[in-house]
Structure formats: C-alpha cells, structure tokens
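As structure tokens, the structure follows; a few thoughts come after it.
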Amino acid sequence: MLYPQTSSTRMVFDLSGFWDFKIENNSEKINPSVKLANSIPMAVPASYNNQIIDQQMRNHDGYFWYETTFNISALQKSQRNVMRFGSATHQATVYINGKEVAHHVGGFTPFEFDIDDYIQVGENDLKVRLCNLLSNKTLPVGETVKLKSGNYQTTGNFDFYNYAGIHRPVKIYTTSNQAHINNICVKYTTDLQTTIVTPEIDIDGQYQSVSMEILDQAGNSIQTSKYNRHEKPSSLTIADTHLWNVDHSYMYQLKVQVYDTDDQLIDDYTQKFGVRTVEIKNCQVLINKKPIYLKGFGRHEDFPVIGKGMNRAVINRDHQTLKWIGANAFRTSHYPYSEEEMQLADEDGLLVIDEVPAVGLYSDFQSAMAGGATQVNTWKNMETMSAHKQVIRETITRDQNHPSVIMWSVANEAATQQDGAHEYFEEITDYTRKLDWQHLPLISPKILVSTPDVDQVTDLFDVIGLNRYYGWYVDFNDLEKAQNDLYQELQTWHKLYPDKPVIFTEFGADTIAGMHSIYDEPYSEEYQLDYYKAMFSVFDQLDYVAGELLWSFTDFSTPAGLIRVNGNHKGIFTYDREPKRIAFMLQDRWKQLS
Ligand code: GCB
C-alpha cells in the first residue's frame, strides 16, 4: 500500500476537520443511512477521549460513530477513487451513503478500499462505526466484560490509556481507471559502494510498459530503465552510493511511471528510499558495517488533548528534542507510529525499532505484577496468532522502504517464560523472516520476570531486548543492590548467548517533575538521576550492551491506578515536553558516547 501522494496522475483530498461524533449506547440502533442525531463536533485526526468534557463519555468502552460529508466533482468521479485511513482505533466499519464499504480490525495500521461504487457527484455521506473493545483475540490484548447494565467494560493488558478514534488522516486519492500502482518495494543489495536496486512493483489493470528512474536527493537523474508488461524489470545501479546513516540521512527517490500502448502516461508515483545495511555481529549492531550504540527512548504517541492523534508539530518537536539531547534511536512502543513520523525519522536520521501492537500477551497479568502466581497459562489462553500475523504483515508492508527502521519488535513483554512460548514465537519469527526481504534483526523486549533461567524464546531472536526495573519494581530504593542484581543477570545472559547483543528497551523510575529531595527519595528528580547513574555504571562495564533506550521519553497517560498518579511519570521529559533534571545529565553523557 502506498502513502497517498499527488503526482501528474494522482489527486489527494484530505478529509481532516470537524466531524460529527456520537457514542452508541446499548439501547440504540443507529441507522447508517440517517444523519447522526444529537452528535457533537469531533476533530479528526485525534483521539476522541480528551476532546470530551463528560467523564463517562470520555471513558466509554464500546462502539461510537463518526460522520462527515465530502464532495466529489465530475472530474474526480471520472477517475478511480480510493479512501484511505491512516489508522482507526481499534476497529472500524465504514459506510458511504448508508452502505457498508469496508471493515478493518487493528488500530495502528492503514487500510484502504475502492469507493467508486458508492460515491456520487456532489455531496456524499461518510460514517464510521468504531469500537475500542479488546480481548484475547485482539492486539493489543485486553479483556472485555458486559455489565448488568448492558454496557461494556474493557481493561487493557498494558500500561497506557486506551485512546480511541480516528487517529490518523483520512484521505481520498485518485488514480486512472485503467491501471494503477498498488505497491512499490525498493529492494536492493549494496557493497556500500555500488548499489543494485531491483524494485518490486505491483500494478493492477491494463498497461503496456513501466519506466523506473532513480533520482538523487537533489532530484538529479541517476539511471532510468524501462520494461514491458510480462517482462522482468531490469535492475538499476547506483555507482557511488550515498549511504543513509544517523549523521547522513541521505534519501533517494524511485520514480515509477506506467504507460499505455501509445506511450500515454497512466500512473506516476515517486517512492523515497535510503540505502544502508543492518547486521548483528559479535554482540554489536552494525549499520553499514560499523558498530553503533543505540541511545534513546521508548515512547508513546500521546500529547495533551489530541491523545494519540497524528500531529506534525508534535512529531517535529519530539524529534528536535531527541536531537537536542543527543539521542539517535527510539522504539515505537507499543504499536507502529504514524507514517508521517516514520517519514520524518528517515529525514532526521533516527534509528527506529519498529514495534507491532503485540502488547499484553500475558494472561493473568495483574496477579503476576502483584507478585502472585499466575493461574492461567498464557499460550493456552491467547487466540492472537491470526491478529499477530496480520499486524506484522501490515507493519512490514507499510514500513519496509524506511531506512530508519533497523529492527522489528514483534511483541512487548509477552509471557516468554511460560510453556508454549517457544512454539508461539517460533511461528511468529518464521513468519516475520519470510515476509521481510531485508532480514532485519528481530527483537522482543522481555518482561522483568523473564529471566535467563526461565525464558524460553531467546534462541529465536537476534538481539536480547530487556525491560528491566532494578531499583524500581525490583530492589526499590536500593541502588547498590539494583546494580549488583542487574550485573548478575546480564552476565548470565551473556554466558548463555555470547554472540547476541543486549539492548535495554526499557529501564526507568517514576519521577514527579519539580519534586526534590536531599535524601534521594524515590519519585524525586534526584532519585531518577541517581537511578540512571547506577544503571549506566553497569552498562559501561559490559561491551555486549549495545544500546540504552530509557523508559520513557515523556510522561504519558494511563488509566487511573494506585501507582499511576495522573499517568506514568517515568518520563525524562514531562507530558508537555519540558526537561526533568536527568535530561541535562543525559545530554552530557550522550554527547560523549559514540
Ligand atoms: C513496562 C511496560 C511499559 C510500562 C512500564 C512501566 O515494562 O512495557 O508499557 O509503562 O513497564 O512503567 O511500568
């Protein structure tokens, strides 16, 4: 699936704006052919939750509706029209002029569908029925119960607010009716000097030939090649490759044009790509054959009022802040971020561990966290395999042309110490490796109870990703013991897997901005500072530690909880992106650490 783009053959219409919104209560049957009654305005794209003042509506679990109208000109109607959602969380059924057109499950990946049979010249009605309910079949995983009142109650198996709504832009784009490019995958091989590009171009419809042209970053042509339908496309060569890297985020373009018999242009699309290699060798992550130490954060798409809504200013400010502090990487915890964010990561030279929304693969999670034994075996209880493969497929298809993506994270904190985990993840890692032509390294951040003595899946992964909280959830307020325990655990991992690098995918301590303590009290900015100093002093002794991604970049929203006072406070920055004390220490450290 291509990102919507205008060209000499394509038009794009963005439906962002104020739509109408309505919660569906269980006694009501909403007719998609009738205008929503008693609706309220709702900005798209954005989460709906924090745009609403009424608390019950804000926290509604169940179904809700969006409606808008759009106009189609006669000129536009003469073309093929496709509607595309950047994402709709977590499930959406789309109706145009009262008729059901599409259904998509999964709240963090795009979906699109042809709308020509449903639209008319002039005004059209668009309604979307969304649902934020989660279960042991969905990703993320959650639990839904139906209350006596008939209302639903959903509890997410994860530590972030279950924002919902139309989070990313909704667009209509046009192509010719005759033929169109469905997808472009820019495959290449490089010896870091000469790059051979062998694009895979998926075209539907009637056409005669296809031309491909590689352009450099300034738009100068490097090579052109043409092939006829039924012929195999020839490869293109970049002789003196400008490699993409963190300090040199060089982007090429592949211009693809589809022609008719009389050399009439039918479709025209330009796909950006970068050239770089990624390897894991001798406990190191190599980009273009050189080791790189990952410095950065786990994050969330979460900002005041807009929640998980895509907002370019927020993305840009976040990337500028990452650069200011000297970070070179982030993980898209715990779901794929917007396409717009990925595009900017390419331009900004940020390395991305791209995580699918497989979070919460842990039955009876609450008892486990309370220190109790789990009653249920996760792998007998989860029915997520099909959703899991779908999100992996959709994420790889969407993101495989981004040079910034250097690793796939196939799950966060699954119950990898329970029987059945190996079988489950063998199927998942095999599936991912088959789909990914780049063979990017695979990682799956481990929950703190998945220690080397009990973990069952590490052999399946290229990198050991650790979410570790010594000094917080374990060894609380005892940083000396935290250091020792961390050191011991790391050495055990290394003995078992001497070639695999360790990347800290999470470590942190809740910290209330502005809380200070001469006694180094937990939750104070001083404790956070000392906590990180203690962790770093362990990492710095061990050369198989290949990266530190702190938890987390900013404070973020969670459901209310005994240890969640207005959200999770492990941010290095506050929710509105102001630095805590630790930020300045980190800036000093990362400027020196190569
Ligand atoms: C974790 C989770 C993350 C939480 C974090 C915490 O291990 O992966 O989603 O927010 O711990 O702060 O407890």
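The values are calculated or read from the model by the stated rules, or taken from the named source; none is laboratory data. Quantities reported herein were computed from a predicted structural model and do not represent experimental measurements. Glycine also receives a Cβ, built like all others from the backbone with ideal geometry; neighbour counts cover every protein chain displayed. The protein model used for the area step is the full one, side chains on, heavy atoms only, and it has no ligands, DNA or RNA in it. Shrake-Rupley method; radii C 1.70, N 1.55, O 1.52, S 1.80 Å.
Which Cα, out of TYR152, ASN25, PRO336, lies furthest along the positive dipole direction of the chain (beta carbon charges, K/R +1, D/E -1)?
After comparing all options, I get ASN25.
Using the Cβ atoms and a cut-off under 12 Å, what net charge is assigned to the surroundings of GLN483, where Lys and Arg are +1 and Asp and Glu are -1?
Result for the neighbourhood of GLN483: -4.
Find, among the trypsin sites (Lys or Arg not before Pro) in segment 222-269, those assigned to loop by DSSP (not H, G, I, E, B) with at most 15 other beta-carbon atoms within 10 angstrom.
Listed in order of number, the matching sites are ARG229.
Between SER234 and ILE30, how many nm apart are label points set 7 Å from Cα along the C-beta direction?
According to this spin-label approximation, the distance is 5.6 nm.
With the contact rule set at Cα under 8 Å and sequence spacing of 6 or more, what percent relative contact order holds for segment 485-585?
27 percent
What is the dipole size for the chain, taken about its Cα centre, with +1 at each Lys and Arg Cβ and -1 at each Asp and Glu Cβ, in debye to the nearest 20?
Magnitude of the dipole: close to 720 debye.
Students often forget the sequence filter, so: which lysines lie under 22 Å Cα-Cα from LYS148 once same-chain residues fewer than 8 apart are removed?
Within reach: LYS29.
Say the dipole of segment 423-549 comes from +1 at the beta carbon of Lys and Arg and -1 at that of Asp and Glu; which of PHE476, LEU435, MET535 then lies farthest toward its positive end?
Checked the options; the winner is LEU435.
Would the chain count as rounded, prolate or oblate if I go by the C-alpha gyration tensor, calling it rounded below 1.5 in a/c and otherwise prolate when a/b exceeds b/c, oblate otherwise?
The shape class here is oblate.
Could you do me a favour and compute the accessible area per residue for segment 5-52, 1.4 Å probe, result in Å²?
Roughly 52 Å² per residue, with all protein chains present.
Using DSSP H assignments, which helices in the chain have an axial alpha-carbon span of 30 Å or above and a mean Kyte-Doolittle hydropathy of -1.0 or higher?
Long hydrophobic helices here: none detected.
What number, rounded to the nearest 500 deg cm²/dmol, is the helix-based mean residue ellipticity at 222 nm of the chain, given -39500 (n - 2.57) per DSSP H run of at least four residues and division by all its residues?
Dividing the helical sum by the residues of the chain leaves -6000 deg cm²/dmol.
Within 10 Å, count the other beta carbons around each residue, average over each peptide in 563-569, 397-403, and list them highest first.
397-403, 563-569
Show which lysines lie in cross-link reach of LYS255 when reach means a straight Cα distance below 23 angstrom and same-chain residues fewer than eight apart are skipped.
Here the lysines satisfying the reach criterion relative to LYS255 are LYS171, LYS187, LYS226, LYS232, LYS272.
About its Cα centre, how strong a charge dipole does segment 17-168 have in debye, to the nearest 20, once Lys and Arg get +1 and Asp and Glu get -1 at the Cβ?
Around 120 debye, computed over segment 17-168.
Counting pairs of Cα atoms in segment 291-592, how many percent are more than 28 Å apart?
Details: 16269 of 45451 pairs.
Counting every Cα pair in segment 291-592, those more than 28 Å apart make up 36 percent.
For the pair LYS434 and ASP543, how long in nm is the line joining their label points, each one 7 Å along Cα→Cβ?
About 4.0 nm separates the two model spin labels.
From the cross-link list LYS137/LYS500; LYS289/LYS446; LYS77/LYS127, which pairs have alpha carbons spaced over 23 Å apart? Could the numbers behind the result be given before it?
Working: LYS137/LYS500 32 Å; LYS289/LYS446 27 Å; LYS77/LYS127 20 Å.
Violating the 23 Å limit, Cα to Cα: LYS137/LYS500; LYS289/LYS446.
Given charges of +1 on the Cβ of Lys and Arg and -1 on the Cβ of Asp and Glu, with all other atoms neutral, how large is the dipole of segment 450-594 about its Cα centre, in debye to the nearest 20?
320 debye
Give, as ranges by residue number, the residues of segment 235-261 whose backbone N falls under 20 Å from the point 7 Å along Cα→Cβ of GLU347.
243-255
Please name which of HIS494, LEU466, PHE507 has its Cα lying farthest along the dipole of segment 456-510 towards the positive end, using unit charges on Cβ (Lys, Arg +1; Asp, Glu -1) and the Cα centre as origin.
HIS494
Taking the Cβ of ASN412 as the centre, find all other residues whose Cβ is under 13 Å away and add up their charges (Lys, Arg: +1; Asp, Glu: -1). Display every interim value, and only then the final one.
On the way: positive: ARG299, ARG331, LYS446; negative: ASP159, ASP354, GLU355, GLU413, GLU506.
My count for the surroundings of ASN412 gives -2.
Could you tell me what percent of the accessible area of the chain is made up of carbon and sulfur, with a 1.4 Å probe and every protein chain present?
That fraction is 49 percent.
Just add up the charged neighbours of GLN528: K/R +1, D/E -1, any other residue whose Cβ is under 13 Å from the Cβ of GLN528. Display every interim value, and only then the final one.
On the way: positive: LYS533, LYS570, LYS580, ARG581; negative: ASP510, ASP520, GLU521, GLU525, GLU526, ASP530, ASP555.
Summing Lys and Arg as +1 and Asp and Glu as -1 gives -3.
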